[in-house]
Amino acid sequence: MKTKAIVVLIMLMISTKFIYSQEFTNFISCQVDGKAWKAEAKKMRIPVAGFEYLALAAFEVSPDIQVWIRLYYFSDELKPGTYSITSEEEIEATSKKKRKSNEDIVWVLVDFTEETKGLGHAFHDGESLNGTLTIDEITKTSIKGRFEANLRGVYYKKRAVATVTGSGIRSNLEDKLLTKAGGGMLANGGPHDHDNTKKSKETDSIVLTNGQFFVDWSKPEKEKKEN
């Protein structure tokens, strides 16, 4: 009986530690096609010309998964409220016209990417399509909100030349080692930047529901690691 009690206690301690480890201060969470997902998130430092830009991304490792929230706008500040999620194609088609007619326009993209084969050999991505995102609270250094998004599912596969020569593998290993902020995936440009891959013609859909996010970037990265 004592042995059983000790085993149960150890299992409870492991479970508690695992649950606690998933409680991130900064996070993005949602259900991906009905499956719960949550990971630590951060504000991405990616320069964009012509817009005000706020990018949040959450990363999980093994398998490598990312959820990105990107907001493009022209006014000096974002405000609480509900915004429509759109596609990159829609932004490109309407940005010039909207900029002239409405300086308060806000474009929202919500994207997903999952590495389906190790070392960047294949990915299943969700390209932002439609839905809604609500900003509940926002300050100069933090944002909190909710979202529901429908995504266009696409697939990327390793180019044959990169596979044969091994150049793609070496490149992906370097990216994984150097881009620690990306949780093992390349995160310097955007959610669909997959080096040495080719987008296939296969498509499907990905649905993100019950989405929530909170990110506070008031502390520099070095201070966060020390505390």
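Structural remarks
- Of the residues contained in region 55-66, none is found to be of a type in the set (F, W, Y), over 12 Å from L208 (Cβ atoms), over 15 Å from the mean Cα position of the chain (by Cα) and surrounded by 15 or more Cβ atoms within 10 Å (Cβ to Cβ).
- Filter pass, F18 being assigned to a strand (DSSP E or B) and modelled with pLDDT under 90: no
- Considering only residues in region 50-92 that are in a strand (DSSP E or B) and charged (D, E, K, R), the one that is modelled with the highest pLDDT turns out to be R70.
- Condition check for F27 on (1) modelled with pLDDT of 95 or more; (2) under 18 Å from W217 (Cα atoms); (3) exposed (fewer than 12 other Cβ atoms within 10 Å of the Cβ): one failure, at (3).
- Any hit, region 42-56, residues being in contact (Cβ under 8 Å) with a residue 60 or more places away in the chain, hydrophobic (A, V, I, L, M, F, W, C) and in contact with a Lys or Arg (Cβ under 8 Å, 6 or more places away or on another chain): yes
The values are calculated or read from the model by the stated rules, or taken from the named source; none is laboratory data. Everything numeric in this text was worked out from a predicted model, so none of it was measured. In this analysis, Cβ positions are derived from the backbone assuming ideal geometry, glycine residues included, and neighbour counts consider all displayed protein chains.
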